[in-house]
Amino acid sequence: MTSKRPIVKAVVPVAGLGTRFLPATKATPKEMLPVVDKPAIQYVVEEAGAAGITDLLFVTGRNKDALENHFDRVPNLERTLLDKGALALHDELMRIAELAHIHYVRQGNPLGLGHAVSMARPHVGDSPFVVMLGDDLIDAKTPILPSMIEAFHNHGGSILCLMEVPDEDIHLYGCAAVEPTDNPSVVRVTGLIEKPNADEAPSNLAVIGRYLLQPQVFDILDAQEPGRGGEIQLTDALAKLAKDPSIAGGVHAVVFKGRRYDTGDKLSYLKSVVQIALDRDDVGPDLRSWLTKYLASGQ
Ligand code: UTP
């Protein structure tokens, strides 16, 4: 069944411990690590706004105060910038505080991504909603949410975002079994498995951190036992939705071919900083010429 209802709510889980990025993440949330001059999470919130999302629920945990402060007003600083005539910076701070209606719920105990999403039930209610992982950065030049929303309007059910990864990396992701549809950019998801070994992976299509879900997922998550790594896995709940389309219209996916970074992973984070900086008009040209000389020097 298809629906033209607009998708306005997103859930952004940010309660993970960020252990892959210690010690930087001991006291600073990984989502607050800067990518050039904006914290990684701001790119996610801007991506949501660009796709028409007006209401964001952060699922937070301990040590995430900096994140809440980032999206709040700072009257003293705003006044100081105005007094100094720094109008552009002042306007930028105001813009950040007005990006969306932002709400917070605490996860308490980080029992897994599925558990984090289940915390959103009272806020989301009974409408389809988006989940955006706070450490997944999709480059604004290659947005994916609009294609996912279009696929939702055409196919109904739930929509995932998949990305081809090398066979040797599939054990790091949820992996999808798929079959084609009439639309070359949309596949039907027939099965999902969390972090499979290469020899048990049904494809090299990895699930990345954007989901458009039906609210029936909450019933499944509430009843779900811990899965891989002892965590309540979102992938396991999605596998049930995919296997039985009578629950909530089945699962489709769009295959993403743009630029995406896992800012909770050191190497991927570094790539995000370099690539996004190179694209910018202010720092890009100088960085490019410095990098070119540096690499040519063989140091
Ligand atoms: P990750 O596994 O990438 O995050 O979870 P992590 O646990 O912080 O990472 P490492 O392995 O320790 O470095 C994917 C997303 O799910 C959120 C994380 O914040 C991240 O956005 N998450 C994960 C939660 O909100 N709660 C959880 O219990 C687990």
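For the reader, a short list of remarks on this structure follows.
- Listed by Cβ neighbour count within 10 Å, with the fewest neighbours leading, M32, M132 appear as M32, M132.
- Here D135, D167 are placed in order of increasing Cβ neighbour count within 10 Å, fewest first, which gives D167, D135.
- Our Cα-only numbers for region 178-242 put the radius of gyration and Dmax at 12.9, 38 Å.
- Taking only the alpha carbons of region 97-198, we obtain Rg and Dmax values of 15.8, 44 Å in that order.
- Set K9/K271; K4/K141; K64/K141; K38/K64; K30/K266; K30/K64 screened for pairs whose C-alpha atoms are more than 18 Å apart: K9/K271; K4/K141; K64/K141
- Summed side-chain charge close to F152 - residues other than F152 whose Cβ falls under 15 Å, Lys, Arg +1, Asp, Glu -1: +4
- Gap separating the Cα centres of region 1-67 and region 169-231, nearest whole Å: 21
- FRET E, pair D72, S289, Förster distance 35 Å, beta-carbon r, rounded to 0.05: 0.35
- Counting charges near G134 (Lys, Arg +1; Asp, Glu -1) among other residues having Cβ under 12 Å from its Cβ returns a value of -2.
- Kirkwood Rh and Cα Rg combined as Rg/Rh, the chain: 0.98
- With a simple spin-label model that places each label point 7 Å from the Cα along the Cα-to-Cβ direction, the separation between L93 and L270 comes to 3.4 nm.
- Relative contact order [Cα under 8 Å, 6+ residues apart], the chain, whole percent: 22
No value in this document is a laboratory result; all are computed from the given coordinates. Note that this is a predicted model, so its numbers are computed, not measured. With ideal geometry, Cβ positions are generated from the backbone for all residues, glycine too; neighbour counts draw on all protein chains shown.
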